[in-house]
1. Helix 29-58 versus the longest principal axis of the chain: what angle, 0 to 90°, nearest 10, using Cα atoms?
2. How high is the relative contact order of the chain, in percent, counting Cα pairs under 8 Å that sit 6 or more residues apart?
3. Can you give the calculated 222 nm mean residue ellipticity of the chain, where each DSSP H run of n ≥ 4 adds -39,500 (n - 2.57) and the sum is split over every residue, rounded to the nearest 500 deg cm²/dmol?
4. Take the chain, connect every pair of alpha-carbon atoms lying under 10 Å apart with a spring to form a Gaussian network, then pick out the residue of R59, R48, R34 with the largest mean-square fluctuation.
Amino acid sequence: MLLVPCTRSGKVDEDARPVAGSAEIVTEPAKMARMTELVRRKYGLAYRVLMLIERIVVRGARDRIMLRITLSA
């Protein structure tokens with residue numbers, strides 16, 4: 001797959017260079033919990049607010065999938 005740096009809204013700069021990588025669907029509960037914690041730490045309050053809004057709108061928690069994206073060497 002090709003990855004291109006972008007903003008949170010998906011805007012790509014004209015001079016952005018694609019980078020080769022691969023994605024793996026993570027289904028193991030322990031790995032998913034670890035990845036969720038990493039995202040929670042990285043995004044802090046923004047993550048918590050987004051999850052709260054999602055739970056209100058959807059009326060409960062939703063099942064998730066997680067992708068582990070790795071850049072090619």
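No value in this document is a laboratory result; all are computed from the given coordinates. Since the structure is predicted, the reported quantities are computational estimates derived from the model, not experimental observations.
1. With rounding to tens, the tilt is 70 degrees.
2. It comes to 39 percent, rounded to a whole number.
3. Working: 1 runs with 30 residues, N = 73.
Counting only the DSSP helices, I get -15000 deg cm²/dmol.
4. In the Gaussian network model the winner is R59.
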